[in-house]
Amino acid sequence: MLSIKNLNKTYHTEEGDEVVALSDITLYVADKEFVCFIGPSGCGKTTLLRIIAGLEEPDSGTLTVNNEPITGPGPNRGMVFQEYSLFPWRTVLKNITFSLELKKIPKSEREKIARDFLKLVGLLEFADSYPHELSGGMKQRVAIARAMVNDPDVLLMDEPFGAVDAQTRNRLQHELLNIWEKKKKTVLFITHSVDEAVFLADKVVVFTARPGRIKEVFSIDLPRPRERTSFEANAVREHLLATLGAEIQAAID
Amino acid sequence: MKGQTLEITSVAFAIIIWEIIARIINRKIILPSFLEVVTAFLELVSGDELYKDILTSLNFFVIGMGAAIAVGIPLGIMMGWFKTIDKAVDPIIEMIRPIPPLAWIPFAILWFGLTQYAAGFLIFMGAVFPILVNTYTGFRNTPKVLVESGKVLGCIKNRDLIFRIALPAALPSIATGVRVGMGVGWMCVVAAEMFGVRTEMFGLNTYGIGWKIWHWYALHHMDMVLTYMVILGFIAFVIDRLFRYIVQEWWLKWQAGTVV
């Protein structure tokens with residue numbers, strides 16, 4: 001279980017101003033839960049995800065995964081970034097074996113594991129391609145495989161499908177759910193898209209405009225696989241849009 | 001094919017113009033004609049002087065470039081990765097860097113004598129800064145997302161981050177640095193040899209392409225001077241192409257476009 005208690009984070013700009021990014025965040029995420037973070041731009045959701053990843057430190061508050069405090073990046077958390085983050089000098093296969101190399105797993109074994117994950121994301125025939133030969137959607141699928149191969153408990157995803165076109169995005173959402181159902185990981189997923197959140201999440205966390213607070217934690221109990229345009233999905237969407245709308249207005253003001 | 005025809009025509013045209021102008025001037029010491037240079041070249045190739053000259057110059061070049069790479073890349077890495085080292089070393093480098101390498105000739109001779117190491121030192125002074133600066137820049141420009149990806153995948157130690165992420169990310173920049181450094185280094189070979197720096201490879205006689213330019217100039221054999229100039233350019237061209245090929249095929253096969 002992931003537990004965040006009274007977490008605060010303030011940035012200090014070079015001019016000496018203080019920007020409160022996160023204020024008093026308390027959140028519990030059960031194992032194998034799919035949670036979407038949604039909120040206006042600059043509300044601190046990425047900061048929260050980076051703190052959970054161990055890439056940044058909070059000013060105060062406690063943060064644990066399976067009752068272990070987070071002090072830095074660790075193998076129990078994997079991350080998929082918004083930008084394309086594959087190592088361009090490594091082939092697809094070697095990108096995926098990266099973390100296994102660090103663990104000193106023998107070559108034949110780590111390549112076998114990597115191929116299994118490549119199969120999972122449907123890119124086995126691209127094992128020996130270089131990242132620049134892949135489309136945006138394919139790059140993100142490899143990035144997911146690369147994060148999963150480390151077998152983390154929590155998968156952190158920072159708007160991973162933000163840069164791909166709508167059709168690809170729908171397909172990637174399907175694939176992600178497939179993987180999630182097979183591998184049963186806890187997923188924290190940042191998105192700007194209410195549609196995406198409604199399709200993916202067990203639980204949606206809505207953030208306020210800066211300073212980032214949690215405004216609402218909304219459970220979506222719709223059965224899976226979900227119908228994007230069902231009556232129930234539309235009702236959830238309407239509710240989230242209304243909650244979010246007020247915040248986006250506040251962010252603009 | 002069409003492009004090639006154009007290239008050949010263009011070169012042929014330039015040679016014809018050269019030949020005509022040389023004949024109009026008709027003074028070998030001002031401008032030897034193309035045919036005279038070809039004759040001089042053929043004469044040179046049939047003897048055993050030329051290969052000794054080339055080997056001598058390459059010997060200097062390899063010493064200087066070897067030292068420049070051995071110092072420039074590690075120092076660039078350290079400065080690019082560790083901010084404190086950067087702050088400590090950078091002012092010193094910025095004091096030395098603007099000095100043109102040829103200004104070191106007096107000290108090179110006093111410190112090393114007229115040996116291959118004096119030439120090596122001069123080439124080193126010319127080549128080390130482009131290599132250093134480009135390595136540094138390459139490290140500084142390592143995309144943050146790649147470093148962070150590495151960290152979340154368990155690559156935490158500085159050593160791992162440097163060798164597994166920053167160094168490969170910086171390779172295109174380092175390759176550019178070495179390439180620029182080789183250009184400056186080759187220039188310094190000529191300068192060093194003009195001051196009579198020599199190796200003992202071939203006994204007591206002095207060899208070297210740069211040396212021969214000076215030597216034949218003193219004898220007013222401008223056709224030989226021009227021949228050696230062409231050889232100088234040709235070798236630089238071959239080295240550059242070879243380097244580019246090696247880098248492209250082995251180091252940077254992963255790149256989408258051609259960078260160096």
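Just so it is clear, none of the values below were taken in a lab; they were calculated from the coordinates. All figures in this text were calculated on a predicted structure; none of them were measured in a lab. Cβ sites come from the backbone with ideal geometry, for glycine too, and all protein chains shown count toward neighbours.
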Can you work out the PRE-style zone for B:PHE234? Point 7 Å along Cα to Cβ, and I want the residues of the range B:17-53 with backbone N under 16 Å. B:34-53
Could you list the residues of the range A:209-253 with an amide nitrogen less than 16 Å from a label point located 7 Å from the Cα of A:ASP17 in the Cα-to-C-beta direction? A:210-212, A:251-253
Mind sorting A:PHE37, A:PHE218, B:PHE129 by how few other Cβ atoms lie within 10 Å of their own Cβ, fewest first? A:PHE218, B:PHE129, A:PHE37
Value at 222 nm in deg cm²/dmol, rounded to 500, when DSSP H runs of n ≥ 4 in chain B each add -39,500 (n - 2.57): -25000 deg cm²/dmol
If R0 = 41 Å, then B:GLU94 and B:PHE163, at their Cβ-Cβ distance, give a FRET efficiency to the nearest 0.05 of 0.90
Anything over 18 Å Cα to Cα? Flag those among A:LYS45/A:LYS215; A:LYS9/A:LYS32; A:LYS119/B:LYS253, in the order listed. A:LYS9/A:LYS32; A:LYS119/B:LYS253
Computed [θ] at 222 nm, helices only, for chain A once each DSSP H run of length n ≥ 4 contributes -39500 (n - 2.57): -12000 deg cm²/dmol
Modelled label-to-label distance, B:ILE24 and A:LYS103, 7 Å Cα→beta-carbon offset: nm? 7.8
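Loop only per DSSP, at most 15 neighbouring Cβ atoms within 10 Å: give me the trypsin sites (Lys or Arg not before Pro) in the range A:130-231, ordered by residue number.
Values: sites: A:LYS139, A:ARG141, A:ARG146, A:ARG169, A:ARG171, A:LYS182, A:LYS183, A:LYS184, A:LYS185, A:LYS203, A:ARG213, A:LYS215, A:ARG226, A:ARG228; in loops: A:LYS184, A:LYS185, A:ARG213, A:ARG226, A:ARG228.
Answer by residue number: A:LYS184, A:ARG228.
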Spatial separation of Cα centroids for the range B:185-199 and the range B:83-122, in angstrom: 16
Where a ≥ b ≥ c are the square roots of the eigenvalues of the C-alpha gyration tensor, would you call the range A:33-171 rounded, which needs a/c under 1.5, or, failing that, prolate if a/b is larger than b/c, or oblate? oblate
How about the range B:2-86: which trypsin sites (Lys or Arg not before Pro) there lie in a loop by DSSP and see at most 12 other Cβ atoms within 10 Å? B:ARG27
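Using a 10 Å cut-off around each Cβ, can you sort B:MET194, B:MET65 from fewest to most neighbouring Cβ atoms?
The fewest-first ordering by Cβ neighbours comes to B:MET194, B:MET65.
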Could you work out, residue by residue across B:139-152, how many beta carbons of other chains sit within 10 Å of that residue's beta carbon, and then give the average as an integer? 6
Could you identify which residue out of B:ALA108, B:ALA14, B:ALA218 has the top mean-square fluctuation in a GNM of chain B using Cα springs shorter than 10 Å? B:ALA14
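Just check the range A:83-151 against the gyration tensor rule for me: Cα atoms, a ≥ b ≥ c as the square roots of the eigenvalues, rounded for a/c under 1.5, and otherwise prolate or oblate depending on whether a/b exceeds b/c.
Prolate is the answer for the range A:83-151, as a/c is 1.5 or above and a/b outweighs b/c.
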Specify whether the C-alpha gyration tensor of the protein assembly as shown places it in the rounded, prolate or oblate class, a ≥ b ≥ c being the square roots of the eigenvalues: rounded for a/c under 1.5, otherwise prolate if a/b is larger than b/c and oblate if not. prolate
Assuming R0 = 60 Å, can you tell me the calculated FRET efficiency for the pair A:LEU241 and B:GLU249, based on Cβ-Cβ distance, to the nearest 0.05? 0.65
Give me the angle, in degrees from 0 to 90, between the Cα long axis of helix B:209-218 and the longest principal axis of the Cα atoms of chain B, rounded to the nearest 10. 30
Loop-located GluC sites (Glu not before Pro) in the range B:128-228 whose Cβ has at most 14 other Cβ within 10 Å (DSSP): B:GLU200
Using the basic label-point model (7 angstrom from Cα toward the beta carbon), what is the B:VAL45 to A:LYS183 distance in nanometres? 6.2
Across the residues of B:154-165, average count of Cβ atoms on other protein chains within 10 Å? 3
